[in-house]
Amino acid sequence: MSELVKRQIAKKENETTILFDSLIPNQTFLTVNYKSPEDYIKQYWEALQKADKPTLRGNIFEYIIYTLLYREGITPFYTQAKVAFVPNVNFDTLLYCQATPVSLSLKTSLRERYKQADLEAIALKYVHRKSKCYLLTMDSTEAKVQKAKILSGDIIGLDEIIDCNTNDINTLVDELKKMQFTTSQKIDVVEGNLVK
């Protein structure tokens, strides 16, 4: 059985989990040695490029980030998460800290995808004003362009764009490790005196 399934990072074994498990031979994600989060991602990303499976890049990138969070002790976290009162959005990764969500949108390349991540961040912040929203990418060129848009105010929902090929990811992981994450609380949609 895949470590991804054992650790509940993946629900079941499939083509993507099998490929992920085979990227670094004779090791699981739990035994891969790395110097920094950036190095961990780089090892998996370079192995994925050699595997030549472009249709699975997005899913594998998600597993790379999920396993990195797991290895760094940044748990619990939700994958493909839905948030109450934020309709029609599945967040790639959501962490919950003191009733404040932290969203990680995961995109291998940006092109127009940053717009989707920004809209999702706006929707989340409309309900949870103090939430933090990050876009993680492997697209260094577009990351620079979109970071400038955050500074100019053209991107208003995302707090930061993280280029996973740089120290940006190390800094983000360090920040996340300082936070205490929990599972989300259950909420009553309506509270008050109920008259029947």
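The values are calculated or read from the model by the stated rules, or taken from the named source; none is laboratory data. In this text the structure is predicted, and so the values were computed from the model without any measurement. So basically every Cβ, Gly included, is an ideal-geometry build from the backbone, and we count neighbours across all protein chains shown.
Rundown of residues vs (1) out of contact with any Lys or Arg (no Cβ under 8 Å at 6 or more places or on another chain); (2) charged (D, E, K, R); (3) within 17 Å of CYS164 (Cβ to Cβ); (4) assigned by TED's automatic domain parsing to the domain that holds ASP159, yes/no style:
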residue: LEU48; (1), (2), (3), (4): no, no, yes, no
residue: ILE60; (1), (2), (3), (4): no, no, yes, no
residue: ARG113; (1), (2), (3), (4): no, yes, yes, yes
residue: TYR126; (1), (2), (3), (4): yes, no, no, yes
residue: ASP139; (1), (2), (3), (4): no, yes, yes, yes
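Condition first: surrounded by 13 or more Cβ atoms within 10 Å (Cβ to Cβ) and outside any helix (DSSP H, G or I). Now tell me which residues in the range 1-15 satisfy that. Correct list: SER2, ARG7, ILE9, ALA10, GLU13, ASN14.
Say we look at the range 150-167 and pick out the residues that are of a type outside the set (Val, Ile, Thr) and in contact (Cβ under 8 Å) with a residue 24 or more places away in the chain; which of these is farthest from TYR40 (Cα to Cα)? It would help to see each step written out before you state the result.
Step one: list which residues in the range 150-167 are of a type outside the set (Val, Ile, Thr), which gives 151-154, 157-160, 163-165, 167.
Remaining after also requiring in contact (Cβ under 8 Å) with a residue 24 or more places away in the chain: 157-160, 163-165, 167.
Numbers: GLY157: 28, LEU158: 24, ASP159: 24, GLU160: 21, ASP163: 14, CYS164: 10, ASN165: 10, ASN167: 12 Å.
Applying the filter and picking the extreme gives GLY157.
The requirement of being of a type in the set (Phe, Trp, Tyr) and either modelled with pLDDT under 90 or in contact with a Ser or Thr (Cβ under 6 Å, 6 or more places away or on another chain) (or both) is fulfilled nowhere in the range 110-118; no residue meets it. Restricting the search to strands (runs of 3 or more DSSP E) fully inside the range 16-132 and requiring at least 2 residues that are surrounded by 13 or more Cβ atoms within 10 Å (Cβ to Cβ) and more than 14 Å from the chain's Cα centre (by Cα) gives 86-97.
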